[in-house]
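Throughout, read-outs are computed from the coordinates displayed, never taken from laboratory work. Every value quoted in this text rests on a predicted model; they were computed, and no experiment measured them. When we count neighbours, we look across all protein chains shown, and the Cβ atoms used for this are built from the backbone with ideal geometry, even at glycine.
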Amino acid sequence: MYSIHHSFRFRLAITFAFFGAMISLILSLGLSFTAHNLSDRLIDETLRAEIEDYISRRARNPNSHPPATISIRGYLFHPDQNNPDIPPALLELTPGKYQLALDSIPYRVAVIDKSDERYVMMFNEMRQRERESTFLTYLVTGALIMTLLSAWIGWWLAGRVVAPIAELGLRVGKASPEDNILDIDKGFEPDEIGKLANVFAGYLRRMRAFIERERAFTSDVSHELRTPLAIVLGVVELMEEDSHLQNKQQERIARIGRATRGMIDMTEALLLMGREASNDEPVRQKCDVCDIVNHAIDIHRHLLGTQTTVNLICHNHPHIAAERALFGIVVANLVRNAFAYTPSGSVTIKVSEDSLTVIDTGIGIHSEEIGNVFQRHFKGSGSTGSGIGLSLVKRICDRYGWETIIDSTEGEGTSAQLIFIV
């Protein structure tokens, strides 16, 4: 099951939230800059109007005093004279507009020279700063609310968008190639999701048709192959009991019997591998490992050279849970390869509680070929087989969760280890 943090709905909601946050941030920055810039302009206009008003009042009454309120404070002095009552910071200012702080109080200052006199008008920005701070708090709060609202809307919309996809996924997950009742494309709108559902439905119908053909083929092969092979094997067994046959005739009949039994085992194994059970668990039987190894040695003993010896080391006769025919195919392939490619020397087979190891002193495998031995139809430089055996071994091992390790040195021999679950 996917984590909610990796779901498409969550990612879509996060995208909406991020979009809402970016829009809110841009709007907040724009409003904050605009409000601050507009405030500075209004203050500058106020200071200019106050200076003009004070100049007009002095023209009527030279003894008029500059404004001195909580918000606005003015000064008049001669730049070239001593002005002890004027704050030193103001004496250094030239005509223009300034932003400065006196006694930790921020001021917006306008300076104008007229008739050898300098007019200084200051606006106390403390309250304005507080209002801007409050306004900024409102903007941040609005941005957070907008982000949360965008996330909620994104989650809701994503739910509406993802619902058909989730329904399609649920139907595809429940659909079985053996179930002809469930139609996964039923009830969807003729949109992109509907087209996707139609594609899945088409694949499912083709899989159902394929399974029907496979079942028919398996049934036909099971009958058409097993019946003649059983007849051949029966005739071979009768001929083997005939005491009037010559030695060469008996050897040929024995060879026919071995080939027939091998064909029967191979057919049964391939049919078992091709059969798809109702569940994913393969059928399991209790198999005596040592007994199957002895059987494989007896069947393939004719491949041994006159100077090759076989050593079987079997501890405690372990049993494993597997189909006997499939496990026999695995053991037979490992034993046959060791016998066929060891013209002289020895083949040692070790059986332990959790593994089967076949070690030979034969011709070995090229180092560049060792990684390809499990590929279907791959044949090494010294191989005379069809390249199916080890690939079939790999498929059977994958079916049961076993592991096969091949280690070989050219000219010195090969070690094949099968690690299975007891």
Nonlocal amide H pairs with GLU323, under 5 Å, H built at 1.01 Å: GLN285
- request: Classify segment 43-129 as rounded, prolate or oblate, taking a ≥ b ≥ c as the square roots of the eigenvalues of its Cα gyration tensor: rounded when a/c is under 1.5, otherwise prolate if a/b is larger than b/c and oblate if not.
  value: oblate
field: Mean ellipticity per residue at 222 nm, deg cm²/dmol - from DSSP H runs of n ≥ 4 across the chain, formula -39500 (n - 2.57)
entry: -19000 deg cm²/dmol
query: Quick one, which of (1) 47.1, 156; (2) 21.1, 63; (3) 20.9, 73 is the actual Rg and Dmax of the Cα atoms in Å calculated for this model?
result: (1)
task: With a/c under 1.5 counting as rounded, go ahead and sort segment 25-64 into rounded, prolate or oblate using the C-alpha gyration tensor (a ≥ b ≥ c being the square roots of the eigenvalues; past the cut-off, prolate if a/b is larger than b/c, else oblate).
output: prolate
statement: Ranked by GNM mean-square fluctuation in the chain (Cα springs under 10 Å), the top entry among ILE359, ILE264, ILE112 is ILE112
- prompt: Out of residues 5 or more away from SER71 or on other chains, whose amide H comes under 5 Å of its own, with H placed 1.01 Å from N in the peptide plane?
  reply: none
message: If I stretch the segment between SER367 and GLU45 completely, what's the gain in nm (0.36 nm per residue apart, minus their alpha carbon distance), one decimal?
response: 106.8 nm
task: Calculate one ³J(HN,Hα) per residue across segment 62-68 by plugging θ = phi - 60° into the Karplus curve 6.51 cos²θ - 1.76 cosθ + 1.60, and present them in order as whole Hz with x for glycine and proline.
output: x, 8, 5, 8, x, x, 8
Local net charge near GLY345, Cβ-Cβ under 14 Å (Lys/Arg +1, Asp/Glu -1): -2
- request: Excluding THR357 itself, calculate the net charge of residues whose Cβ lies under 12 Å from the Cβ of THR357, where each Lys or Arg counts +1 and each Asp or Glu counts -1.
  value: -2
message: What whole-number distance in Å separates the alpha-carbon centres of segment 113-130 and segment 306-370?
response: 103
query: What helices does the chain hold that run 18 Å or longer along their axis, going by alpha-carbon atoms, with a Kyte-Doolittle average of -0.5 or more, using DSSP H for the helix calls?
result: 8-60, 126-174, 192-240, 247-274, 324-340
query: What shape does segment 282-419 take by its C-alpha gyration tensor, where a ≥ b ≥ c are the square roots of the eigenvalues and a/c under 1.5 counts as rounded, a/b above b/c as prolate, and the rest as oblate?
result: oblate
